[in-house]
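The values are calculated or read from the model by the stated rules, or taken from the named source; none is laboratory data. In this text, all values refer to a predicted model and were calculated from it rather than measured experimentally. Cβ atoms come from the backbone with ideal geometry, glycine included; neighbour counts cover every protein chain shown. Accessible surface is based on the protein model in full, side chains and every heavy atom, while ligands, DNA and RNA are left aside. Shrake-Rupley method; radii C 1.70, N 1.55, O 1.52, S 1.80 Å.
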Amino acid sequence: MTRSHQHGRQRARPWVGAALLGATALPVRAHAADCITAVSLSPADGAGEAAVFEARYGHCEGAAAFRVVQLWIGDEVDPQAERLNLGYEAGVIAFEGAGSCAPGDPVTLVGEHGSLDCAATTVSDEGDERVVAWALGFDVASFAGSHGVFFDAKGGTGDPEPRLGWTQMGSFLVEASAADTSGAASGSSEGSSGSDGGESSGSSSGGSAALDDGGLPGGTPHALPAGSGCGCGAQPHVAAPAWLLLLGLCRRNRARTRPSRARG
């Protein structure tokens, strides 16, 4: 082998070594970057004044490797932005500005723009995934509008510590619940229609029934004089009592004449 060939091989070795080093290093870096993943959010596009956000966080080393998982609801992830910022770490849920509790505790943490129902909030590990159901209510007066829903998570082996980084998973429109507003409107309209309908229906059908019952058998229903205030309907029956009166007078006259003829 000539010296030039040897020189070429010597120059090639560092390049090959760098390529191999890069080939082995890239998967390690990708593995570190992808080790923690934002799996899913439900609802991913919701609306109302309360919701249970089921957040799934994945870890390549298993769910137990998580140190903390977080949820942020706001227009952007910024310390100056209005938000709800929550985290679960070492068995405790921390709600920024509202305190902390354990999942299942019979308490509600109330913050500036919303609340967390600790009793309805659950945490569970399913293989490589940590699943947190955040039971949140919103202050519609101070936090109305559409906001982003973001995940972050940290934990696992490595230096620096593996981290997901804030990742938007969906959005939520904070507004008064349609069920409440429609229910109130429906209840109001039903109540008014029921009241009006019931009264008008009752007075109408009641009046109709009174008219039908007040007429002579086989005759046509008649109405009471306006303002009479009487349900007996006596005035329209004047003709009948007069006829009976005449019949009675005739019978009385006949009874008087019979004895006189017998005496004659």
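If a paramagnetic tag sat 7 Å from the Cα of E126 along the Cα-Cβ line, which residues of the stretch 57-86 would have the backbone N under 14 Å from that point? 57-59, 63, by backbone N distance to the label point.
Take the Cα pairs of the stretch 22-164, get the Kirkwood Rh, then feed it into Stokes-Einstein at 10 °C and 1.306 mPa s and tell me D in µm²/s.
Translational diffusion coefficient: 100 µm²/s.
Taking amide H as placed 1.01 Å from N in the peptide plane, A102 has its amide H under 5 Å from the amide H of I93, each at least 5 places away in sequence or on another chain.
3J(HN,Hα) along the stretch 160-176, derived from phi through the Karplus expression 6.51 cos²θ - 1.76 cosθ + 1.60 where θ = phi - 60°, amounts to x, 4, x, 9, 6, x, 4, 10, 6, 10, x, 8, 9, 9, 7, 7, 4 Hz, with x in place of Gly and Pro.
Of the residues E76, E89, the one with the largest accessible area comes first in the ranking E76, E89, computed with a 1.4 Å probe on protein heavy atoms.
Note on the stretch 83-112 and the stretch 133-175: Cα centroid distance 14 Å, given to the nearest whole angstrom. Only Lys, Arg, Asp and Glu carry charge here, each on its Cβ (+1 for the first two, -1 for the last two); on that basis the stretch 56-99 has a dipole of about 240 debye about its Cα centre. Each peptide in 123-133, 157-167 receives the mean, over its residues, of other Cβ atoms within 10 Å, and ordering these scores from highest gives 123-133, 157-167.
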